[in-house]
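Below: one structure, written as structure tokens.
Any read-out appearing in this document is the output of simple, stated calculations on the displayed coordinates, not a laboratory observation. A quick note: this is a predicted structure, and the numbers were derived from the prediction, not measured. Because the Cβ atoms are built from the backbone with ideal geometry, glycine has one as well, and the counts that use them run over all protein chains shown.
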Amino acid sequence: MLEKGTQEKLKIGVLVSGGGTNLQAILDATRNGSLPGEIVFVGSDNPDAYGLTRATKYGIPTFNVDYDSLLKNFDKRLDARMIPPDWNREDVLKKQSLFSPETPREKVDAFFKSRAVAEAVLLDQMAPYPFEVLVLAGFMRILSPYFIDRINTDPEKPRIMNIHPSLLPAFPGTDGYGDTFRYGCKVAGCTVHFVDYGEDSGPIIAQRAFPIEETDTEADVRKKGLAVEWALYPYCITLFAQNRLRVVRKKHTRSDGKKMEKAVVQVLPSRK
Ligand code: GAR
């Protein structure tokens with residue numbers, strides 16, 4: 001990460017699944033100098049992702065990991081040799097928070113084994129391109145503890161960021177703007193957060209809200225939201241580049257008496 005006065009640029013890895021307009025916004029910010037970083041690779045789980053084309057236009061290395069066929073092949077063959085040798089079932093099952101304790105263990109086990117098969121390929125593809133922060137820009141795959149722990153080698157310093165199209169913790173999942181609109185919310189927004197073991201549950205870095213007008217359609221909300229995202233994501237990555245993000249554990253007692261502990265992000269003031 002960059003200390004004041006350092007010229008070195010933050011090395012950013014990006015994963016996309018689709019059109020990559022957030023990728024474009026990050027690219028533009030690195031090129032106009034507002035974000036002191038450079039994108040060192042763009043990876044995808046979808047060979048047709050337009051985000052890959054955007055990256056290629058700028059000479060950025062790209063790769064694709066064929067999640068669909070890796071997951072399908074594994075489910076069909078259940079070949080234990082496909083599971084990475086450093087995958088640890090007990091560790092992953094202990095850490096995961098996607099499935100409730102009632103979910104049959106075999107189902108949870110099969111899910112995380114198949115993810116690890118695809119994630120091992122993803123890690124291999126990323127290996128030639130050292131990076132400091134991994135930015136999920138519309139990457140629509142769950143990342144399991146197996147993958148996350150191989151990126152977050154220092155538990156105090158998470159380094160996978162995601163942008164989500166809702167004001168978390170409301171409306172996690174795959175259609176944040178749609179869910180917000182259909183619920184009848186009068187305000188929508190987006191959230192940038194560090195990735196943890198849950199779905200869209202990691203420590204929040206920043207959020208931006210905007211009103212939903214009576215005449216707005218779902219498409220309007222999506223369009224307005226994306227424009228907000230294009231400013232928010234480069235801003236958050238810049239905070240990371242400036243070493244201004246700290247994750248601290250905060251304890252509190254809920255009104256029902258339950259003791260809680262939550263990792264939250266503190267944004268340090270600019271040193272300028
Ligand atoms: C963005 O709206 C982003 O917030 C969302 O996908 C879209 C990607 O657009 N991400 C998620 O829903 C992640 N759960 P883009 O490909 O044009 O950047």
Open item on the list: Report, in listed order, any pair from LYS76/LYS262; LYS57/LYS224; LYS11/LYS262; LYS76/LYS157 with a Cα-Cα distance greater than 30 Å.
Closed with: LYS76/LYS262; LYS76/LYS157
- [ ] Give the long-range amide H neighbours of ASN46: residues separated by 5 or more places, or on another chain, with amide H under 5 Å away, using H modelled in the peptide plane at 1.01 Å from N.
- [x] VAL65
Task: Long-range HN-HN contacts of ILE205 with modeled amide H, under 5 Å - done: VAL192, HIS193, PHE194
- [ ] Determine, for each peptide in 94-105, 34-45, the mean count of other beta carbons within 10 angstrom over its residues, then list the peptides with the highest first.
- [x] 34-45, 94-105
Task: Selected from LYS259, LYS76, LYS107 as most flexible by GNM, with the chain as the system and alpha-carbon contacts under 10 Å - done: LYS259
TODO: For PHE131, enumerate residues with amide H under 5 Å from its amide H, sequence gap 5+ or separate chain, H modeled in the peptide plane.
DONE: none
Open item on the list: Relative contact order for the range 1-133: what percent, with Cα pairs under 8 Å and sequence separation of 6 or more?
Closed with: 28
TODO: Sort all Cα-Cα distances of the range 196-272 into consecutive 5 angstrom bins from zero, then give the percent of pairs in each bin up to the one containing the longest distance.
DONE: 3, 12, 15, 16, 17, 13, 12, 10, 2
Task: Environment charge at ASN64 (Cβ cut-off 13 Å; Lys +1, Arg +1, Asp -1, Glu -1) - done: -4
- [ ] Let me have the relative contact order for the chain, percent, based on Cα pairs under 8 Å that are six or more residues apart.
- [x] 19
- [ ] Give a residue-ordered list of calculated ³J(HN,Hα) values for the range 180-188 (Karplus: 6.51 cos²θ - 1.76 cosθ + 1.60, θ = phi - 60°; whole Hz; x for Gly, Pro).
- [x] 5, 5, 5, 6, x, 5, 9, 9, 10
Open item on the list: Please report the net charge: other residues with Cβ closer than 14 Å to the Cβ of ASP79, K and R +1, D and E -1.
Closed with: +4
TODO: Please give the net charge around THR30, taking every other residue with its beta carbon less than 15 angstrom from that of THR30, where Lys and Arg add +1 and Asp and Glu add -1.
DONE: +1
Open item on the list: Per q in 0.10, 0.14 Å⁻¹, report the Debye log10 I(q)/I(0) for the chain, using one uniform scatterer on each alpha carbon and no solvent.
Closed with: -0.55, -1.09
TODO: State to the nearest 20 debye the size of the charge dipole of the range 1-122 about its Cα centre, where the only charges are +1 on K and R beta carbons and -1 on D and E beta carbons.
DONE: 60
Open item on the list: Could you derive backbone 3J(HN,Hα) for the range 122-130 from the dihedral phi with the Karplus parameters 6.51, -1.76 and 1.60 (θ = phi - 60°), listing whole Hz in sequence and x where the residue is Gly or Pro?
Closed with: 4, 4, 4, 5, 7, 3, x, 10, x
Open item on the list: How big is the dipole moment of the chain about its Cα centre under a simple scheme where the beta carbon of each Lys and Arg is +1, that of each Asp and Glu is -1, and everything else is neutral? Debye, nearest 20, please.
Closed with: 840
TODO: Please name which of GLY43, THR215, PRO130 has its Cα lying farthest along the dipole of the chain towards the positive end, using unit charges on Cβ (Lys, Arg +1; Asp, Glu -1) and the Cα centre as origin.
DONE: PRO130
Task: Residue-by-residue Karplus 3J(HN,Hα) for the range 253-265, coefficients 6.51, -1.76, 1.60, Hz, glycine and proline x - done: 10, 6, 4, 8, x, 6, 7, 10, 9, 9, 7, 10, 9
Task: Pairs of alpha carbons in the range 1-123 whose separation is greater than 18 Å (percent) - done: 63
